[in-house]
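The values are calculated or read from the model by the stated rules, or taken from the named source; none is laboratory data. Values in this document were obtained by computation on a predicted structure and should not be read as measured data. We place every Cβ from the backbone using ideal geometry, glycine too, and count neighbours over all the protein chains shown. Areas reflect the complete protein model, heavy atoms only, side chains present, ligands, DNA and RNA absent. Shrake-Rupley method; radii C 1.70, N 1.55, O 1.52, S 1.80 Å.
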Amino acid sequence: MKNIPLYEVRPINNLREMLKGSVELYGDKPAFLYKKKEGDNYLPITYRQYGDDVDAFGTALVNLGLKGKRIAVISETRYEWVLSYMATVNGTGIIVPLDKELPENEIKSLLIRSKASAIIFSKKKKEQILNIASEIDFVEYYINMDSEEDEGNFLSFHKLLQKGYDLLKNGDTSFTSSEIDNEAMNMLLFTSATTDVSKAVMLSHKNITSNLMAMCSMLYIDDKDVFLSVLPIHHTYECTCGFLCPIYRGATVAFCEGLRHIQKKLQECGATIMLGVPLIFEAMYRRIQEQISK
C-alpha cells in the first residue's frame, strides 16, 4: 500500500515563511492566550500582533549588532520567550534555549560553550544572571523581560521592542529583508545530560519545517484547536509540537503557569490538545480514579 499523507499541508521552507503565511491566513485570530498575573482571565495576542512584534524585536536585535550571533533565552513559558525565539531565528542569529531549572554554574557553562553574545531572561532568573555577569565578559547584552529601564548593558525587553517599532517606522529593513539560509544552524540546543555533560545539538530551519509538515500530514490540527502548553518550552518536543506546530496550523497556544494548574487551565482556555509525558498523564489518571472511588 502506498504511503501517502493523510492531510494536506501548506509547503514551507523556513520559519519566517511559515509565520508570514500564518499571519496572512489567520490575522486577527488569537495565536496565544496569556495572563498578566495568576487569577486573571486569559488575554489574546493575535497572529498579526505576533508577526509585527517579531519584526520589531528582530529589528531591534539586529540594530544592537547581534546579526549572526548567538542569543540565549531562559525563562518560564511565556509570550516573551516565543517572541525572542522567532525574532532570533527569522533574521537575527542563532537561538540558544536554556533550561530554567539549571543551577547557576551550569547556566554559566552553557553560555561559555555556546559563545552567546546576549541572553534574554525573566525576573525569576535575575539574581543568577547578575552573578554570572560579574564573572564573564563576553556577553554583550543582558535583556530582562520584566525590567522597565535600561542599566548599562542590562536592557529592558519592552523598551527594546518599542525601539524596534520606531526603527521599522523609520524604514529600517535590516531584519525583514535579511536572507535566511534554510540549511544553516539557527538553533543550538543542549540535551538534558542525565548521564554525562550535556551535548549540543545543531538544528536548521529545514530540520524544523520538514518535521512540522510531516507531523501535520499525519495528525489533523486546524485553526479551531487550542493547545495548552505545560511542558518546558526549551525542549525540542514542546517547542516544535506545542509552539511552532500550532502557529503553522492557525491554532491557539494557551500558556500554563505550572503542573498544578493543568486541570483549571484546561477548562479556562477550552483546550483541545495538550502535549505531555507519561508522568503527567499518570497523575491525571490517578486523580480521576480517586474522584470515581469517592
Review point. Residues in segment 162-174: is at least one β-branched (Val, Ile, Thr) and closer than 12 Å to Asn90 by Cα?
Key: no
Practice item. Spot the failing condition for Glu8; the list is (1) assigned to a loop (DSSP other than H, G, I, E, B); (2) within 23 Å of Leu228 (Cβ to Cβ), and only one is missed. Key: (2)
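Take the residues in segment 109-153 that are of a type in the set (A, V, I, L, M, F, W, C) and open to solvent by 40 Å² or more (accessible area, probe 1.4 Å); name whichever of them is nearest to Pro97 (Cα to Cα). Steps first, please.
If we filter segment 109-153 for residues that are of a type in the set (A, V, I, L, M, F, W, C), which is where we start, we get 110-112, 116, 118-121, 129-130, 132-133, 136, 138-139, 143, 145.
Next cut, open to solvent by 40 Å² or more (accessible area, probe 1.4 Å) only: 112, 130, 138.
Numbers: Ile112: 14, Leu130: 19, Phe138: 18 Å.
Here the residue is Ile112.
Condition (residue is closer than 20 Å to Lys125 by Cβ and touching a Gly at 6+ places or on another chain (Cβ under 9 Å)) applied to segment 37-53: is it met by at least one residue?
Taking segment 37-53 first, the residues closer than 20 Å to Lys125 by Cβ are 37-38.
Applying the additional criterion that residues be touching a Gly at 6+ places or on another chain (Cβ under 9 Å) yields none.
Scanning segment 37-53 turns up no residue that is closer than 20 Å to Lys125 by Cβ and touching a Gly at 6+ places or on another chain (Cβ under 9 Å).
Among the residues of segment 31-49, are any under 17 Å from Asn186 (Cβ atoms), aliphatic (A, V, I, L, M) and either open to solvent by 30 Å² or more (accessible area, probe 1.4 Å) or outside any helix (DSSP H, G or I) (or both)?
No.
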Point to revise | Within segment 190-204, considering residues that are open to solvent by less than 50 Å² (accessible area, probe 1.4 Å) and at pLDDT 95 or above, the one farthest from Leu19 (Cα to Cα) | key: Leu203
Practice item. Specify which of the listed residues (Phe243, Phe281) is hydrophobic (A, V, I, L, M, F, W, C) and within 28 Å of Lys20 (Cβ to Cβ). Key: Phe243
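Do any helices (runs of 4 or more DSSP H) lying entirely in segment 241-294 carry at least 1 residues that are surrounded by fewer than 11 Cβ atoms within 10 Å (Cβ to Cβ) and among the aliphatic types (A, V, I, L, M), and which ones are they?
Working: elements: 245-249, 262-269, 278-293.
Here the list reads 278-293.
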